[in-house]
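Rule-based calculations on the coordinates, nothing more; no lab input. Quantities reported herein were computed from a predicted structural model and do not represent experimental measurements. Backbone-built Cβ (ideal geometry, glycine too); neighbour counts: all protein chains shown.
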Amino acid sequence: MNGNQTLTMIKPVAVARNFTGPIIQKITDSGFKICAMKMTQLTKDQAGEFYAVHQDKPFYEDLTTFMSSGPIVAIILEKENAVDDFRKLIGATDPADAEEGTIRKLFAESKSHNAVHGSDSDENAKIESDFFFSKLERH
Ligand code: UDP
């Protein structure tokens with residue numbers, strides 16, 4: 001059974017370029033409800049923890065440096081089939097491969113600076129939501 005929540009982050013370059021508003025508009029226009037939201041800046045260690053699954057990848061060092069380089073906006077989103085539908089809405093990891101109209105096609109600069117994160121499974125949606133939010137911060 002598919003769950004109804006997912007976790008997104010608007011990544012540092014997208015926040016710095018003032019894309020937070022347009023990205024959230026696109027997300028809510030697509031039928032997702034916001035259940036929790038915060039702006040925060042990760043330390044390099046926290047970014048490393050969030051992306052621990054990639055720790056052996058060649059891009060890990062650059063990724064954690066980038067993700068701790070400025071504020072991000074973390075959001076828990078709710079919708080039926082949230083994880084899969086949100087992955088469709090954001091498009092492929094590399095914006096060059098992303099479909100027209102997807103968030104990464106519209107707002108990403110490159111494969112590494114690709115505007116937004118989206119959980120890739122229900123299990124990770126829960127882990128990632130718990131990473132950012134306490135019970136009291138969810139609605
Ligand atoms: N990434 C990168 N280079 C790569 C692959 C990934 O810089 O060759 C970065 C990119 O920001 C991506 C993140 O690492 O969003 C996590 O990678 P993953 O393969 O999980 O992609 P995603 O699930 O975000 O599409």
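Annotations
- The number of residues in region 86-129 being closer than 13 Å to THR6 by Cβ and more than 15 Å from the ligand (Cβ to nearest atom) comes to 2.
- Every condition in (1) without any contact (Cβ under 8 Å) to a residue 40 or more places away in the chain; (2) buried (at least 17 other Cβ atoms within 10 Å of the Cβ) is met by GLN46 except one, and the failing one is (2).
- In region 24-34 there is at least one residue matching the filter, namely being more than 22 Å from ASN124 (Cα to Cα) and either charged (D, E, K, R) or crowded, with 16+ Cβ neighbours inside 10 Å (or both).
- Of all residues in region 72-106, those being in a loop (DSSP other than H, G, I, E, B) and either in contact (Cβ under 8 Å) with a residue 60 or more places away in the chain or under 17 Å from THR28 (Cβ atoms) (or both) number 5.
- Apart from one condition, GLN5 fits all of (1) over 14 Å from the mean Cα position of the chain (by Cα); (2) surrounded by 17 or more Cβ atoms within 10 Å (Cβ to Cβ); (3) of a type outside the set (Ser, Thr, Tyr); the exception is (1).
- Any hit, region 107-114, residues being aliphatic (A, V, I, L, M) and either in a helix (DSSP H, G or I) or under 11 Å from the mean Cα position of the chain (by Cα) (or both): no
- Top-ranked residue in region 115-139 [being assigned to a loop (DSSP other than H, G, I, E, B) and touching a residue at least 24 places away in the same chain (Cβ under 8 Å); ranked as nearest to VAL13 (Cα to Cα)]: ALA115
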